[in-house]
Amino acid sequence: MRTETLTFCALCGAYCAAKATVEDGRIVKWEQDKQSGFHYLPCPSFKGRFNAEISENPDRLKYPLRRTGARGEGKWQRISWDEALDTIADKLTEIKETYGPEYFAAGVGEPKHFEFVWLQRFCSAFGSPNIRTPLAL
Ligand code: SF4
């Protein structure tokens, strides 16, 4: 089955508007979205090679995993989203109750847009001022 979907490139903060043609779950064509009126910046990445490579990369993380072996051993078990969220919530609650909210720190590798704002809001609600990014925002 072949479908066309209006989407965007998320490789950098420009979020260029794009149209992806998907066939049997694979991106077979990636082009500028001329319908939405949203902007695009012509760059080498826009040709879609990188977007297709990312979506098809066998190492792409598509669901939560729990480490089952020693750190670095590479042993993982698939878990549900509910179990992942409960595990994280339990651990954060334990940290907060044992050491205080400031003991928690968050880092964002390269925030492109809203993720930094969301993380700031989360840290604020949690009670920690400790959020870091390599970018000067
Ligand atoms: S097409 Fe290029 S400029 Fe636009 S979001 Fe992707 S990487 Fe950034």
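Computed from the coordinates by the stated procedures, all read-outs in this text should not be read as laboratory data. Small disclaimer: the values here were computed from a predicted structure and weren't measured. Here the Cβ is made from the backbone with ideal geometry for all residues, glycine too, and neighbour counts use every protein chain on show.
In debye, nearest 20, what is the charge dipole magnitude of region 2-56 about its Cα centre with +1 on Lys and Arg Cβ and -1 on Asp and Glu Cβ, if you could check?
140
Would you order 59, 86, 24 from fewest to most other beta-carbon atoms within 10 Å of each residue's own beta-carbon?
Ordered from fewest to most neighbouring Cβ atoms within 10 Å, 59, 86, 24 come out as 59, 24, 86.
Over the C-alpha atoms of region 42-119, what are the Rg and the largest Cα-to-Cα span, Dmax, in Å?
Expressed in Å, the Cα Rg and Dmax of region 42-119 come to 17.2, 51.
On a straight-distance basis, which aspartates and glutamates could pair with residue 19 in a cross-link, Cα separation under 20 angstrom, same-chain partners fewer than 8 positions away excluded?
Residue 19 reaches 4, 31, 33, 53, 56.
Calculated from DSSP H runs of 4 or more alone, at -39500 (n - 2.57) each and per residue, what is the 222 nm mean residue ellipticity of the chain, nearest 500?
Theoretical 222 nm ellipticity from helices: -9500 deg cm²/dmol.
Would you mind telling me which residue in 16, 123, 43 has the biggest mean-square fluctuation in a Gaussian network model of the chain, where springs connect alpha carbons within a distance under 10 angstrom?
43
Fully extended, how many nm does the chain gain between residue 106 and residue 5 (0.36 nm per residue separation, minus their Cα-Cα distance)?
This chain segment gains 33.0 nm when fully extended.
Which value results for Rg/Rh of region 82-132 when Rg is the Cα radius of gyration and Rh the Kirkwood radius based on the inverse mean 1/r?
1.00
What nm distance separates the two modelled labels at residue 39 and residue 89, each placed 7 Å from Cα along Cα→Cβ?
3.9
I need 131, 27 ordered by Cβ neighbour count within 10 Å, fewest first.
131, 27
Treat every Asp and Glu Cβ in region 39-82 as -1 and every Lys and Arg Cβ as +1, leave all other atoms uncharged, and give the resulting dipole magnitude about the Cα centre to the nearest 20 debye.
Using only the charged Cβ atoms, the result is roughly 140 debye.
Return the Cα extents of region 2-56 along principal axes one, two and three, sorted largest first, each rounded to a whole Å.
Sorted from largest, the Cα extents of region 2-56 read 28, 22, 14 Å.
What is the dipole size for the chain, taken about its Cα centre, with +1 at each Lys and Arg Cβ and -1 at each Asp and Glu Cβ, in debye to the nearest 20?
Around 340 debye, computed over the chain.
Using the Karplus curve 6.51 cos²θ - 1.76 cosθ + 1.60 with θ = phi - 60°, work out ³J(HN,Hα) for each residue of region 57-71 in order, rounded to whole Hz, and write x for Gly and Pro.
Rounded to whole hertz, the list is 4, x, 8, 5, 7, 10, 7, x, 10, 10, 5, 10, x, 6, 4.
What is the mean projected area of the alpha carbon convex hull for the chain, to one decimal in square nanometres?
11.5
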